[in-house]
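Structure record follows, encoded as structure tokens.
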Amino acid sequence: MSELAVSTRARPGNGPDPTGEAFVRAFNAVRAELVSTLFFVLGNHDDAQDVAQDAFLKCWRTRASLDEVQNMRAWIFRVGLNAAKDLQRNAWRRRARPLAAAAGSEHEAQPSPAESLEDNDALERLRQALMTLRPEEKAVFLLRQNGDLTYEEIADLRRSPVGTVKTQMRAALHKLRRVLKE
């Protein structure tokens, strides 16, 4: 997927739309964290990139109502996680299995084989541990860790009481520690 860039002109001849520019800046600021979070939810980098693109487009189409958004970062993550859920529910995706995971970009510096194996092993253990979590625990954990959101922001985002979010985070951490210790 190429860099997320969109013209911010709302109507030809009317000049830049400040709300659109602000949205593009906000989205680009959280894009890497969103893709990382989506990768842990979906388990596939290409799907994470596709869902991030889909989330951008969904947000862009509703930019007229951005004045109502109190927390742009939380809103973007919510749209992204909802798009990931939609992709997971897709019947075609359940039947089709992706080819072997991409080994990475050719443009990146290549780590040594030992480092690569160690990193892949640690990442796979974390991914497997995340799969043991209930969906709501996984969402809270990823929003807190990758999304860098407060418990209050997560509660607003998930429309849950703060106490419930904290309980889900505590349960997620307990399960992850137990699985990773084994």
Q) In what order, largest first, do 131, 72, 169 sit by accessible area if the probe radius is 1.4 Å? A) 131, 72, 169
Q. Say each of residue 65 and residue 32 gets a label point 7 Å from the Cα, pointing the same way as Cα to Cβ; how far apart are those two points in nm?
A. 3.2 nm
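The values are calculated or read from the model by the stated rules, or taken from the named source; none is laboratory data. These numbers come from a predicted model, not from an experiment. Note that we place each Cβ from the backbone using ideal geometry, even for glycine, and neighbour counts take in every protein chain shown. For the accessible areas, the whole protein counts, side chains as well, though only heavy atoms, and no ligand, DNA or RNA atoms are used. Shrake-Rupley method; radii C 1.70, N 1.55, O 1.52, S 1.80 Å.
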